[in-house]
Amino acid sequence: RKALDFDPRSASKYLKLGHWNGDTVSSWLDKWADKTPDAIAVRGPDGILTYAEQRDSARRLANSLLDIGIQKGDVVAIQLPNLAAFTTAYFGVLMMGGVLSTMHMPYRAGEMKPLLEHACARAIICADAAENYDAPATMLALRDEVTTLEHVIVATGDAPDNALSLRSLIEDGTSHAIENAPVASDPAILCFTSGTSSAPKAVVHSYQTMLANNRIAAPIYGLTADDVVLGGPPFTHAFGLCVLNFTLMAGATSLLMPAFSPPGLIDLIENGKPTVVFVAPAHVAACMKSGHLDSGDLSSIRIATISGSACPPDVAYALEKAMPNGAVGQMWGMTECFMGLHTPFDGPADIRCETLGGTTPTFEARMVLENGDIAPDGEEGELEIRGCSVIAGYFNNADANRTAFTGDGWFKTGDLACRDANGSVQITGRAKDLINRGGIKINPVDIEAVIDRHAAVLMSAIAPIPDDVLGERACVYVELQPDNSLTLEEICSWLEENDIAKMKWPEKLEIVARMPLTPTRKIIKGALKPT
């Protein structure tokens, strides 16, 4: 509750303007279950659910959770891929007033234990045992170590004797409506930031902050109940939940992709015929490098939104070229605010493919120089935001709250950005990623984009390494394409060919077997260390 302690004047303004209203996730599910009960809500590899079936299964789960002692306001963690089981858990936990805390799929016991402890989780929902990861055994071991954790619920397959089965909870639950249902100001989700600095922070959203920008920006996307929406990002990430909520508000169909691969994504598009697609730049770039983007049939797509990290313009243009009937747009957001910037789909290609457009109608954005002045148009500064979807503060993290917010209520995103005279914003990097080489600040974003175009490179990241003379030097970390090799000299020659100034060239090369990535395939630079 303390993490939802908004300034009373701001809260009053958001309510007066209609940015906040009484909507909850359950009220939207009720709307479509009553209006279009036979419409397909979810189509996944583990099942197809109509809106009526989705509500029924969620109600049964919600009542069963109450029966086993989970109470309104309790935290229920979840580690599942994008499956129908996830959407049922999402709707069911929220329906009974629980707070859903998402755990990213790559996380194992070492990463999850402090997160579960910080969240005070009462239960966790996970997948069944797989060849490379026994999730139920991991969660049961964590139950012995995390004092608040009481229940392990296995969502797919068979549950071990000392765990609960999600399928059984749904089958055994009653289907009556929930009494004392949550209201819009109640906490809904507790997400942890993706941790590109390897230091995740806990973010609590109410229904008001989680749903406001989805609801207000929905007309821009023109989503209708006839749309089929494919989301590339995982539901354990804020971007994935944003896509799920967009789909819910339109009464459209969610087409689920449990795991990403270039052939898997293109096959799903060809067979599932989505009309709306949300992807990360890395999804598109991987399909470009593998050749699947050019060879696939993407004719069903009407609009495609790229988000999750900064998108090189050539990646956006390539996706639009591959869609004979579609337009590309971009969206910017964070766990702390969901969506905040977006491009209009009816705008010119250079705006849609090279910028993030402008703010959503409920948002304010400004770029601030190092001296605290507001950056003029065209000049780079740190992006600060304010609006109805921005959190009031991090959960149990006073230190982070002191540094994240200004005295006048602006949230400091850590992103570097500039705005042109037309109001379109470009993200130019991360403030913490700048390399200070002898007093000269080097932004690695453009350099990485050039290196990524090298035929031998799958992906690259430039990070600073300490230097006794200059303070910092640039080190480039490279994950190679299969059966390729690369030297620092070859990288520098490539940069010279592409007109990158010598002062910006990296001075050390590290070849990594596998780049550390967030769930939306952003590189975790904090995990990169020179040998």
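Consider only pairs whose beta carbons are under 8 Å apart and that are at least six residues apart or on different chains; among these, list those whose first residue lies in region 266-283 and is farther than 23 Å from Asp452 by Cβ and whose second residue is in a helix (DSSP H, G or I).
Short answer, once both residue conditions are applied: Pro274/Leu268; Val276/Tyr221.
Looking at (1) without any contact (Cβ under 8 Å) to a residue 60 or more places away in the chain; (2) farther than 17 Å from Val229 by Cα; (3) assigned to a helix (DSSP H, G or I), find the lone condition where Gln54 falls short.
(2)
For the structure I just gave you, tell me whether Phe246 is out of contact with any His (no Cβ under 9 Å at 6 or more places or on another chain), among the aromatic types (Phe, Trp, Tyr), touching a residue at least 60 places away in the same chain (Cβ under 8 Å) and buried (at least 24 other Cβ atoms within 10 Å of the Cβ).
Numbers: out of contact with any His (no Cβ under 9 Å at 6 or more places or on another chain): yes; among the aromatic types (Phe, Trp, Tyr): yes; touching a residue at least 60 places away in the same chain (Cβ under 8 Å): no; buried (at least 24 other Cβ atoms within 10 Å of the Cβ): yes.
It is false that Phe246 is out of contact with any His (no Cβ under 9 Å at 6 or more places or on another chain), among the aromatic types (Phe, Trp, Tyr), touching a residue at least 60 places away in the same chain (Cβ under 8 Å) and buried (at least 24 other Cβ atoms within 10 Å of the Cβ).
Could you list, in sequence order, all residues of region 466-522 that are crowded, with 19+ Cβ neighbours inside 10 Å, among the charged types (D, E, K, R) and over 21 Å from Ile435 (Cβ atoms)?
Answer for region 466-522, where residues must be crowded, with 19+ Cβ neighbours inside 10 Å, among the charged types (D, E, K, R) and over 21 Å from Ile435 (Cβ atoms): just Arg521.
With Val512, Val476 as the choices, which residue is within 27 Å of Ile306 (Cβ to Cβ), in contact with a helix residue (DSSP H, G or I) (Cβ under 7 Å, 6 or more places away or on another chain) and at pLDDT 95 or above?
Values: Val512 fails: in contact with a helix residue (DSSP H, G or I) (Cβ under 7 Å, 6 or more places away or on another chain).
None of the other options fit; the residue is Val476.
Where in region 255-329 are the helices (runs of 4 or more DSSP H), entirely inside, with at least 1 residues that are closer than 29 Å to Ala417 by Cα and among the acidic types (Asp, Glu)?
Details: elements: 262-272, 281-290, 292-295, 313-322.
Ranges flagged: 313-322.
For region 269-297, which positions are over 25 Å from Asp226 (Cβ atoms) and aromatic (Phe, Trp, Tyr)?
none
Exactly one of (1) among the aliphatic types (A, V, I, L, M); (2) free of Cβ contacts under 8 Å to residues at least 60 places away in the same chain; (3) touching a helix residue (DSSP H, G or I) at 6+ places or on another chain (Cβ under 7 Å); (4) under 23 Å from Pro114 (Cβ atoms) is unmet by Ala129. Its number?
Status for Ala129: all satisfied but (4).
Out of (1) surrounded by fewer than 19 Cβ atoms within 10 Å (Cβ to Cβ); (2) under 19 Å from Glu496 (Cβ atoms); (3) touching a Phe, Trp or Tyr at 6+ places or on another chain (Cβ under 8 Å), what's the single condition that is false for Asn401?
(2)
The values are calculated or read from the model by the stated rules, or taken from the named source; none is laboratory data. Small disclaimer: the values here were computed from a predicted structure and weren't measured. Don't worry about glycine lacking a Cβ; one is built from the backbone with ideal geometry, like all the others, and counts go over all protein chains shown.
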